[in-house]
Amino acid sequence: MFGPFERMVAGRYLRSRRQEGFISIIAGFSLLGIALGVATLIIVMSVMGGFREELLKRILGLNGHLGVYGMGVPLEDFDRLKGEIVKLDDVVEVAPLIEGQVMATANNVARGAMVHGLRREDLLARKLVAEHITEGSLEAYGEEDSIVLGQRLAEKLGLRVGDSLTLISPQGNVTAFGTVPRLRAYRVGATFEIGMYEYDSSFIFMPLEAAQVFFRLKGQVSGLEVMLTDPDRVDAVRPGIAAAAGGGKRIYDWQEANASFFNAIKVERNVMFLILTLIILVAAFNIISSLIMLVKDKGQAIAILRTMGATRGMIMRIFFLCGAGVGVTGTILGSVLGLVFTLNIESVRDWLEGISGAELFAAEIYFLSHLPVKIDWAEITGIVLMGLALSFLATLYPSWRAARLDPVEALRYE
């Protein structure tokens, strides 16, 4: 399609000369703009995709995909109900759960916490917790006074394995002298760290029987957590679970529980994609301006080429190659830069934090203790194709204008 003549002339036009050096500088900035735009888009999309995936993995790894609760009352006869639900297709595990808010105190420090009462086998099935024990072990879990809490919560309270932690329930004991807070001391059997700040700093796991005693739910639980083979199939599985649970039950899935959170991430991701695409679009307009200036500067040369036998198609291909060369080079350079940066983003973050002395990714704000990335090759391919398409479109008008130039008029006014 492009002959050696067109490639040679386009290459000479792109190389900097004294007369058209300013045009080459504009082309260089266009190349740099496209490269930075593509690189930034790849980095941001990869980080936001990784952020969503890591949050989803941790949320679904620690909580059930779907919950069965009573209508404002605890569930009774929950083991029979568990047996009915676990028979259903796509259901992997059903865990009776007691959850409640408490005040945790130790060493004159108090923190709010969320207690999850689970049986030993159900906690061991939560690989996200069982495989991320930082201190102690789950061997003692199941004993009445042994609990497991998040590593960051333990650090805030100054606790180590074997220390005593006092939990205070908001539901106190009613006496003749008024309501007295209900409290009990437990022994720290293990600590865990899953990398999500919200859970590491507030979750406490307690044996189900001990939680029933503490929260006064004898023979009852707050609800049942259902784990599925595929969390995205909650809508398909929900009717079967509702039928097995019977009337007077409330079914609550992970999408409902985290809808606003993941919708916010989706909206932010789409907005960032739009904003960063504008960077590439601005660079494409720079290509248009540099090519128009090049066409104006090369008017006499174009006229001479036409009189020597060059067709309009050849002239158009020459200037198309000039603009496309800038766009393709910038897109490829930006793709390589973006991938290299993405694959080494933790090292870059550590380096920047070392230079600035500031924490760039606070776990308290961003929920996760590290900067996650997910390289979606289909998405990166789409970004590259978009960069190439914008670059090619930017060359069409200047190339057409160069091909339409009248040789006689160009030579007359030179």
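Where a number appears in this text, it was derived from the coordinates with a stated rule and is not lab data. As the structure is a prediction and not an experimental result, all values here were calculated from the model. We place every Cβ from the backbone using ideal geometry, glycine too, and count neighbours over all the protein chains shown.
Of note:
- Segment 48-70 residues that are farther than 13 Å from Glu93 by Cα, paired with ones that are among the β-branched types (Val, Ile, Thr) and in a loop (DSSP other than H, G, I, E, B) (beta carbon under 6 Å, 6 or more apart): Gly50/Val373; Arg58/Ile194
- Check on Ala242, touching a strand residue (DSSP E or B) at 6+ places or on another chain (Cβ under 8 Å) and free of Cβ contacts under 8 Å to residues at least 12 places away in the same chain: yes
- Qualifying residue in segment 216-226 (condition: touching a helix residue (DSSP H, G or I) at 6+ places or on another chain (Cβ under 9 Å) and within 23 Å of Ile133 (Cα to Cα)): yes
- Verdict on Val340 being under 18 Å from Ile34 (Cα atoms), loosely packed, with under 15 Cβ neighbours inside 10 Å and within 43 Å of the chain's Cα centre (by Cα): yes
- Pairs, first under 14 Å from Thr40 (Cα atoms) and in contact (Cβ under 8 Å) with a residue 40 or more places away in the chain in segment 377-391, second crowded, with 19+ Cβ neighbours inside 10 Å and among the small types (Gly, Ala, Ser), C-beta under 6 Å, six or more apart: Val384/Ser335
- Of all the criteria given as (1) closer than 24 Å to Gln151 by Cα; (2) surrounded by 15 or more Cβ atoms within 10 Å (Cβ to Cβ); (3) in contact with a Ser or Thr (Cβ under 9 Å, 6 or more places away or on another chain), the one not satisfied by Phe203 is (3).
- Breaking point among (1) in a helix (DSSP H, G or I); (2) in contact with a Gly (Cβ under 8 Å, 6 or more places away or on another chain), for Ile251: (1)
- Every residue from segment 123-159 that is in a strand (DSSP E or B) and of a type in the set (A, V, I, L, M): Ile133, Ile147, Val148, Leu149
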